[in-house]
1. Excluding residues fewer than 8 places away in the same chain, name every one of the aspartates and glutamates whose C-alpha is closer than 16 Å to that of Lys240.
2. For segment 155-268, just say rounded, prolate or oblate: build the C-alpha gyration tensor, square-root its eigenvalues into a ≥ b ≥ c, call rounded for a/c under 1.5, and beyond that prolate if a/b exceeds b/c, oblate if not.
3. Would you mind working out the accessible area per residue for segment 134-241, using a 1.4 Å probe, and quoting it in Å²?
4. What number, rounded to the nearest 500 deg cm²/dmol, is the helix-based mean residue ellipticity at 222 nm of the chain, given -39500 (n - 2.57) per DSSP H run of at least four residues and division by all its residues?
5. Using all Cα-Cα distances in the chain, what percent lands in each 10 angstrom bin from 0 up to the longest?
6. For the chain, take the longest principal axis of its alpha carbons; what is the angle in degrees between that and the long axis of helix 2-18, to the nearest 10 within 0 to 90?
Amino acid sequence: MIKKLIPVILLIFMFSVATAQPFLLKSTNAAKSFHLDIYYGTEGKGAFIKYRGQQGIISLKLKSRVSQGEKGQPKIIYVWDEVIKGKVTGTYGLTQETGKISEVWYRNNDKKTFQLEHVPDQEEYAGIGKYLLHGVLISFHHTSAELLTFNYSDGSIKNSQLPGFDHPDPQRQGTIADYNFDGYDDLAFSIPDAGMGVYRTFSVYLYNPSTKRFDLLPEPNASRAKCSGLCEVTLDKKNKLFITACRGAATWWKDVYKLSPYNTLIWVSSSKILN
């Protein structure tokens with residue numbers, strides 16, 4: 001099972017790196033052309049745009065995501081609502097297929113549609129990833145610096161330090177998902193393990209709707225666990241279980257946790273993963 005799982009994970013990761021954000025888009029049918037950068041994360045979440053030559057960013061709320069095509073070469077169609085001051089002011093659509101962007105459009109509330117095209121830009125991708133999640137602008141680096149920055153809507157800024165690389169192929173991946181099953185999306189960053197790079201180690205930041213802040217999920221401290229730290233994290237949404245997996249010698253192990261009301265990981269079980 002795990003041997004089948006790892007290549008799929010690596011393929012998804014390689015696809016996400018190949019389509020790293022942002023994308024520079026240019027209008028093709030407007031009387032006066034305009035350029036904008038679009039950012040989005042896992043499954044189209046955390047999206048926003050920034051018009052070239054203008055200050056500020058505009059939030060995009062995911063309206064739909066449709067996946068077509070064969071496994072490993074998905075064609076994904078995203079549609080987002082443009083939201084300004086809590087009101088929907090337009091709609092964006094974009095098709096992503098095997099690392100390429102096509103069929104991009106914007107429709108304003110007057111029902112006027114603008115066609116857009118992806119314009120390769122040497123300055124477009126400098127290894128910096130950005131998400132806009134719960135009104136928080138999050139910035140990090142995919143391949144080098146460990147700095148993680150949260151820019152909150154009240155003007156405060158919090159800097160955090162992500163784990164550094166100890167692998168010849170440094171690639172940091174950001175993932176948006178509800179890691180504590182409270183109905184609010186959280187944020188995770190993963191890098192290759194320091195050994196053979198066969199699994200990824202995670203840092204998970206949970207969103208607290210009361211404080212409107214992101215807090216680092218403490219690593220588990222369970223003597224019976226087989227894996228150290230947060231490795232190859234997956235979620236069992238149906239049973240609300242937090243699962244990690246790692247390899248020791250020739251054996252793959254799985255640790256299962258549940259989360260306490262205070263967002264600490266409570267060990268449930270450990271077992272070998274059969275081939």
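The values are calculated or read from the model by the stated rules, or taken from the named source; none is laboratory data. Just so we're clear, the structure is a prediction, and the values are computed from it rather than from any experiment. The area values use the complete protein model at the heavy-atom level, side chains included, leaving out ligands, DNA and RNA. Shrake-Rupley method; radii C 1.70, N 1.55, O 1.52, S 1.80 Å.
1. Asp178, Asp182, Asp185, Asp186, Asp255
2. Since a/c reaches 1.5 but b/c is at least a/b, the shape of segment 155-268 is classed as oblate.
3. Per residue, segment 134-241 has 50 Å² of solvent-accessible surface.
4. On the way: 1 runs with 17 residues, N = 275.
Taken over the chain, the calculation gives -2000 deg cm²/dmol.
5. The distribution over the chain is 6, 27, 34, 23, 9, 2, 0, given as percents.
6. In the chain, helix 2-18 runs at an angle near 30 degrees to the longest axis.
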